[in-house]
Structure formats: C-alpha cells, structure tokens
Amino acid sequence: MNIRITQATLLDESNDHHGSVVDIRIKDGIITDIAPKLNATKGEQHVDFENLTVSPGWFDSSVCIGEPGYEERETIKNGLLVAAKSGFTAIAVNPNTYPVTDSNSSVSYLINKAQNNAVSLHPIGSLTRNGEGVDLAELFDMTKAGAIAFGDYQHAISNPNLLKIALQYTQSFDGLVLSFPQENDLVIKGMANEGEIAIKLGLKGIPALAEHLQIARDLYILEYTGGKLHIPTISTAQSVALIKEAKAKGLDVTCSVAMANIYYTDSELEEFDTRYKVLPPLRNETDRKALIAGLKDGTIDMVTSDHNPLDIEQKKLEFDHAKFGTIAQEATLGALLTLVTERQAIHLLTAGRSRFTGEKAKIVVGEPANITLFTAKGTSTFTKENILSKSKNAAFLGAKLKGKVYGIIANNQYIAS
C-alpha cells in the first residue's frame, strides 16, 4: 500500500508539524515522509479531501460484537468495518458473547477471527467465570492470549471482596480491572433515571445514588489495594466529583463516558422510544452538563461509543421488556464535535489506547501508519442511510452532527468511509 495524503492539517502533539498543513507519504504501511509539500511518485494512491485533518488512530474502549453466539446482532467482519468507517483503528470488545469471553481459547478465537483487518480488535476478558460475578476467571491465562482488561459488561461487581482480590491479583501482571458503576440492590427492575420523567411516565427508576455508592466503594477498595481501575460509562455529576477527588489523591483510576449520555437527557423518553433505553440511563441536564465539564477539565479520560448492536426482537418491545443499548459508533465523531473542540475530541478519542494497551499511536516518520482521516467542518443529520451496523437500534437517528469521517489507514490498509 503506497499512499500520499495531501494538504491535511496534522493533529499530533508528538509531531513537530502538529497544527500544520502537510503532505504525508506512506509506503508499505510505513510513514516515510512528512513535509509541507511532497511531489507525486509513480504508483502511489493520492488521498485528498476537503478540509482534511489527520490524527493518530482512534480507540473505542467499549464495543459489543455479537459473534460468537449472537451473529444476528453483529459479526466480527462487519463490526470491524463499521469501526473503520466510523474512524476507529482499534476497538476493545466486551465479553458479552455466547459463550462469554472468559478463557484463553475464547480470547484467542476473537483475535484470530479479526486477523488481517485494518482495525485491531482487543478483547476484554470477563472478570468472572461466565460473567456470573461469583468466581474470578483465569485472568492471567487470558492476558497471555491477548486480553487487555477484565470486566463483566454492564454487570456490577456486587461482592466487594471479589473486587479487592481482583485488584490485588492483577498487579502481578499490570492488569486493568473494569468495574461497572451500579449498586444492584438499588436498581431492581429500574428502567430509567429516577426523577421527574420516570415518575411522569410510570417507569421504575435507576437512582443516581446507585452509581455514587458503587463508585465510592470501588475507590475506597482501590485506595486500600492499589492496582489499576477503570470505571466505564459514568453518568452523573457526583460521579465526576468522586473520580476527580480520587485522582487528586493519586489513585490509578480512569473513567469513560458513553456518547449517548453526554448528548441526550432523559427527556428523550417522553415517547417511550426504546432506542433511548441505555445503561447507565440518560440522566438530567445538570448531570449532562457536569459530564461535559468533566471531559473538558480532564476528569473524564475518554469518550466511548458504548456501541451495542441489538436485533429488532430485543428492542422493538414495550419499554419495560426491551434490552438496554444503542449503536453509536457511526455518530460518535459528529456528536462529540457539537460539544467540545476538535482538539479536545481527538484527545478523548485516542486516550483509551494507552490506558488499555500501553501503546500510543503516533504520526511519525519511520512508524507504521495508524491514522484517522476526518474533517470537523460541515453539519449533517444522522439518518438510516448512515447506519452501517447489521442492527439498527440507533439512538442518534435525527441528531444534528458536525464534521465527517473520511476513513482510516492502519495495518497497511486504507479504508474509506
């Protein structure tokens, strides 16, 4: 693969050309030249887009792919193509498959199935056997197979001793533990944010307190044990405050927020549209604004699509019976750019890579090309035609977006959107 990218604004603080308009030449997947102007050479593909910006490839820290077991929702092949056309060069895949990703062989299956793709697939191993929250899974064995972190997707660790042991044990191999922020005993059959909207609609509530108690507990345990903790998809103002305080103490904790939770509020539930039934639930405007402030001041480390394809039989139901989850990768850039600056967006879309993999994508001569191509200019409305996933449960239908993804270059492949 030989490519020349022309007249692109380069956003990468590790590069001397950061913020400048440059040409980039890539030969056999390796960046060979970066300069204000490069002459064309024979046989190379010319990549040129209006108002083009290039950044290190984006990393999505929470993605669901149905395969194995739920291929009707999404396959690995199409899921990786969706990620590529949405601007992501790497994704962390949740273990909510069938069987659950809780063994060396199940991790190896995912990695082998994803070989030779532009997008790198990184499995998150289940923290507990079969995701049941009782006994720890074979964490070190999964690490050797390629798992990058351990957590039970959208299932809280109810037993505090289990989290304690996990944080202690994973220190021996520098493992990352994920703990979903929800105290289950406060959420029994909850469907939506506990507040005026839920009361008005007659929906059982999921109180913000359930998130606060779990996070406070987890942070106390982390302070006691040490280790590395990641709290995925926080959703409230108090959660931001708790994590900010923990970071000030020097605890090794990071957190993410799902795109839907910073774009929407629970007012979207007025029509009982199950596309907006997500977990954690959409909160109120005060919480949404606090989350955005947390993104801007660095308390929240990364944004995730929390992309969760579900088939129509799981979503087109009465609100109480529908599953939690939405697809969101296709809209992530456009929605995020309506809330933060272009440079803030790139930081939030790339920060997960170093936390989860220990690596950092850089646009540097001599390094393999791992690049996202996009523009922050222009506006659009997200429609059914923009859905790339097999499943169509998109909360962002009708959303007003900014910018556009042009594609990615990674693993010696160019995928155009």
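Annotations for the structure displayed:
- If the condition is being open to solvent by 10 Å² or more (accessible area, probe 1.4 Å), part of a loop (DSSP other than H, G, I, E, B) and either hydroxyl-bearing (S, T, Y) or in contact with a Gly (Cβ under 9 Å, 6 or more places away or on another chain) (or both), then the stretch 50-90 contributes E50, N51, E67, Y70, E72, R73, T75.
- Taken over the stretch 1-14, the criterion of being open to solvent by 20 Å² or more (accessible area, probe 1.4 Å), over 14 Å from F374 (Cα atoms) and in contact (Cβ under 8 Å) with a residue 40 or more places away in the chain is satisfied by M1, N2, R4, S14.
- Yes/no for D301 being at pLDDT 95 or above and open to solvent by 20 Å² or more (accessible area, probe 1.4 Å): yes
- Test: residue in the stretch 148-166 that is free of Cβ contacts under 8 Å to residues at least 60 places away in the same chain and touching a Cys at 6+ places or on another chain (Cβ under 8 Å): no
- Residues within the stretch 356-415 that are in a loop (DSSP other than H, G, I, E, B) and open to solvent by 30 Å² or more (accessible area, probe 1.4 Å), tallied: 17
- When the stretch 96-125 is filtered for residues that are surrounded by fewer than 16 Cβ atoms within 10 Å (Cβ to Cβ) and either touching a Pro at 6+ places or on another chain (Cβ under 7 Å) or not small (G, A, S) (or both), the ones remaining, listed by number, are Y98, P99, N112, Q115, N116.
- Close pairs (8 angstrom Cβ cut-off, 6 or more residues apart or separate chains): more than 18 Å from C255 (Cα to Cα) and small (G, A, S) in the stretch 202-227, in a loop (DSSP other than H, G, I, E, B) and at pLDDT 95 or above anywhere: G205/G190; G205/M191; G205/E194; G205/G195
- Total residues in the stretch 129-153, condition at positive phi and either open to solvent by 60 Å² or more (accessible area, probe 1.4 Å) or assigned to a helix (DSSP H, G or I) (or both): 2
- Checking N117 against (1) touching a strand residue (DSSP E or B) at 6+ places or on another chain (Cβ under 6 Å); (2) farther than 20 Å from P232 by Cβ; (3) not acidic (D, E), the condition it does not meet: (1)
- Listed by first and then second residue, the pairs linking a residue in the stretch 391-415 that is without any contact (Cβ under 8 Å) to a residue 24 or more places away in the chain to a residue that is of a type in the set (F, W, Y) and assigned to a loop (DSSP other than H, G, I, E, B), with Cβ atoms under 7 Å apart and 6 or more places separating them unless they lie on different chains, are G398/F382.
- For D23, the criteria (1) of a type in the set (D, E); (2) surrounded by 14 or more Cβ atoms within 10 Å (Cβ to Cβ); (3) in contact (Cβ under 8 Å) with a residue 40 or more places away in the chain hold in every case but one, which is (3).
- Residue satisfying all of: in the stretch 217-271; of a type in the set (S, T, N, Q) and over 23 Å from G325 (Cβ atoms); surrounded by the most Cβ atoms within 10 Å (Cβ to Cβ) among these: T225
- Count of residues meeting criterion [out of contact with any strand residue (DSSP E or B) (no Cβ under 7 Å at 6 or more places or on another chain) and basic (K, R)] in the stretch 307-364: 5
- Flag if A331 is open to solvent by less than 40 Å² (accessible area, probe 1.4 Å) and modelled with pLDDT of 95 or more: yes
- Qualifying residue in the stretch 192-212 (condition: outside any helix (DSSP H, G or I), closer than 30 Å to S86 by Cα and modelled with pLDDT of 95 or more): yes
The values are calculated or read from the model by the stated rules, or taken from the named source; none is laboratory data. Since we're looking at a predicted model, the values are computed, not measured. In this analysis, Cβ positions are derived from the backbone assuming ideal geometry, glycine residues included, and neighbour counts consider all displayed protein chains. For the accessible areas, the whole protein counts, side chains as well, though only heavy atoms, and no ligand, DNA or RNA atoms are used. Shrake-Rupley method; radii C 1.70, N 1.55, O 1.52, S 1.80 Å.
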